[in-house]
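Below is one structure, written out as structure tokens, with a few remarks after it.
Each value in this text was obtained by applying a stated rule to the coordinates, not by laboratory testing. This structure is a prediction, so every number in the text was calculated from the model and none was measured. Here Cβ is always computed from backbone atoms with ideal geometry, including for glycine, and neighbour counts include all displayed protein chains.
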There are 2 protein chains.
Amino acid sequence: MDNLLKYIRSLTSFSDGSWELLQPVLTKKEFKKNELLLRQGQVCNSLFYIDNGYCKSYYEIDGVVKNTGFFFENEIATNINSFGNGQKSEFNIVACEPLTTIIFNKDKLFKTAQQANEIETLGRNCIRLFATKQEEFSTLFKLYSAQERLEYLETKHPEILQRVSLSQLASFLGVARETLSRIRKRRVLG
Amino acid sequence: MDNLLKYIRSLTSFSDGSWELLQPVLTKKEFKKNELLLRQGQVCNSLFYIDNGYCKSYYEIDGVVKNTGFFFENEIATNINSFGNGQKSEFNIVACEPLTTIIFNKDKLFKTAQQANEIETLGRNCIRLFATKQEEFSTLFKLYSAQERLEYLETKHPEILQRVSLSQLASFLGVARETLSRIRKRRVLG
DNA sequence: ATAATTATGTGACGTTTATCACAGGTCTGA
DNA sequence: TCAGACCTGTGATAAACGTCACATAATTAT
């Protein structure tokens with residue numbers, strides 16, 4: 001839980017009392033590699049704080065897997081639309097490595113947040129980080145070519161390239177696996 | 001202000017008292033067509049509730065304009081990263097029509113939110129909607145081709161196609177103006 | 001250890017897209 | 001009403017990309 005508390009305090013002022021109040025909201029849960037955190041069609045009632053390992057969100061369309069996001073240590077993974085609106089999730093979240101998470105239960109979180117303003121503020125800041133990340137990657141496709149998107153990741157998010165295989169990265173960058181292989185080759189040579 | 005109050009109450013329960021408390025946070029402001037709401041390099045200290053008209057966010061790179069978002073009535077426009085972290089904005093927001101907005105002042109909003117939990121909750125829900133929208137459009141590029149992205153807008157967001165010109169839409173869809181023109185022709189015929 | 005699975009690289013080929021150039025249409029302000 | 005600005009369409013051509021096929025690592029499971 002130490003990592004989580006540090007994470008929270010990097011976002012917002014958080015008293016020891018708020019941390020105590022938050023405890024009943026939290027559950028530690030481990031996932032094996034390839035185990036699902038969220039299944040398509042389910043409603044997402046959790047925020048998953050990633051304590052160790054990483055996971056990804058993906059759509060499965062006509063039997064083809066398309067990765068839409070990767071979530072590493074000290075990030076929150078969730079389906080923000082499903083979590084907020086109670087709608088069924090259109091995508092899955094799966095552990096890519098053995099994964100340690102701390103789960104925020106939605107109902108308990110909302111009830112506790114009504115009692116403690118610091119917890120409400122924490123929720124706002126978690127969502128804000130999520131929105132910032134989404135905006136960042138959404139913009140990439142409008143501004144840059146596939147090669148430029150790869151270069152962006154190399155400079156701004158090298159951890160993704162270090163931990164995610166080329167095949168997994170391809171659909172996230174919006175190109176075919178073979179194309180990404182060739183882009184990478186061009187860059188190593190040129 | 002009527003539209004704003006309806007908008008707020010569609011998001012969260014909001015007492016008359018909270019609405020009174022919120023008033024000093026709000027300023028009504030009108031923009032002429034092509035007037036900037038936010039300029040690249042500035043820090044964004046506002047949430048712009050769109051009461052009437054629409055605006056867009058755009059990057060200007062090597063003299064070329066790339067549109068990254070459109071914001072219509074009953075939406076909040078802002079730079080979520082700049083607003084939340086106090087960093088300089090990397091893009092502009094400009095009125096595409098004569099525009100009526102209601103501006104939330106950041107400092108006043110934060111101070112008022114500490115006093116009234118309903119206002120803090122409102123802030124969280126505004127950001128949540130923003131995150132949901134970003135995620136939606138981010139996913140489009142990973143799942144669909146340019147033609148499929150256009151079809152998605154036709155079914156899910158027809159208001160964009162009705163009000164935004166083809167030239168303006170092209171960079172938002174991540175294709176050249178000429179390509180979008182040809183895609184549209186293919187679709188009308190086929 | 002070995003078989004099976006998964007990941008990567010590469011060639012061939014067809015499709016899609018970007019870019020440049022230019023023509024005609026529409027809107028708008030002086 | 002007329003000039004300038006913007007918008008849309010279209011042809012030609014080159015570049016980028018997707019798909020299929022197959023070979024070769026590298027990893028994983030038994």
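Derived scalar couplings between HN and Hα for the range A:175-181 equal 9, 6, 3, 4, 5, 5, 4 Hz in order, rounded to whole Hz, by the Karplus curve 6.51 cos²θ - 1.76 cosθ + 1.60 (θ = phi - 60°), x for Gly and Pro. With its label point put 7 Å out from Cα toward Cβ, B:GLN115 sits 2.6 nm from the same residue's point in the other copies, in order from shortest.
Sequence gap at least 6, Cα distance under 8 Å: using those rules, report the relative contact order of chain A to the nearest whole percent.
Numbers: 280 pairs, mean separation 47.3, N = 190.
Relative contact order here is 25 percent.
Against the main long axis of the alpha-carbon atoms of chain B, helix B:2-11 sits at an angle near 90°.
Mean per-residue shielding of peptide A:140-153 is 3, counting Cβ atoms of other chains within 10 Å of each Cβ.
Could you give the distance between the Cα centres of the range B:80-127 and the range B:167-184, to the whole Å? For the range B:80-127 versus the range B:167-184, the Cα centre distance is 31 Å.
Lysine pairs in the range B:103-185 8 or more apart or on different chains: how many have alpha carbons under 25 angstrom apart?
Values: B:LYS106/B:LYS133; B:LYS133/B:LYS142; B:LYS133/B:LYS156; B:LYS142/B:LYS156; B:LYS142/B:LYS185; B:LYS156/B:LYS185.
Counting lysine pairs in the range B:103-185 gives 6.
With Cα atoms defining each centre, the range A:150-164 and the range A:1-75 are spaced 21 Å apart in the structure.
In order along the range B:123-134, phi translates into HN-Hα couplings of x, 4, 6, 4, 5, 4, 4, 4, 4, 4, 5, 4 Hz, rounded to whole numbers, per the Karplus curve 6.51 cos²θ - 1.76 cosθ + 1.60 with θ = phi - 60° and x for Gly and Pro. Whole-Hz Karplus values for the range A:73-85 come out as 3, 6, 10, 9, 9, 5, 9, 5, 6, 5, 4, x, 9 Hz, taken residue by residue from phi with 6.51 cos²θ - 1.76 cosθ + 1.60 and θ = phi - 60°; glycine and proline positions read x.
The Cα-based radius of gyration and maximum Cα-Cα distance (Dmax) for the range A:1-43 are 14.2, 38 Å. A label point on B:SER181, set 7 Å along the Cα-to-Cβ line, lies at 3.8 nm from each of its counterparts in the other copies, closest listed first. Averaged over the residues of peptide B:115-126, the number of Cβ atoms from other protein chains lying within 10 Å of each residue's Cβ is 4.
When the alpha carbon gyration tensor of chain A is reduced to an equivalent ellipsoid, the three semi-axes, largest first, read 32, 18, 15 Å. Counting only other chain Cβ atoms within 10 Å of each residue's Cβ, the peptide A:52-61 averages 1. The same position B:GLU159 in the other copies lies at 3.7 nm from this copy, comparing label points 7 Å beyond Cα toward the beta-carbon, shortest first. Amide hydrogen proximity for B:TYR54: with H placed 1.01 Å from N in the peptide plane, the residues at 5 or more positions away or on another chain lying under 5 Å are B:CYS96, B:GLU97. Using the alpha-carbon positions of the protein assembly as shown, Rg (one decimal) and Dmax (whole number) come out as 21.2, 65 Å. Measuring r between the beta carbons of A:GLU136 and A:GLN42 and using R0 = 45 Å, the FRET efficiency lands at 0.95. On the beta carbon distance between A:LEU5 and B:SER181, with R0 = 45 Å, the FRET formula returns roughly 0.25.
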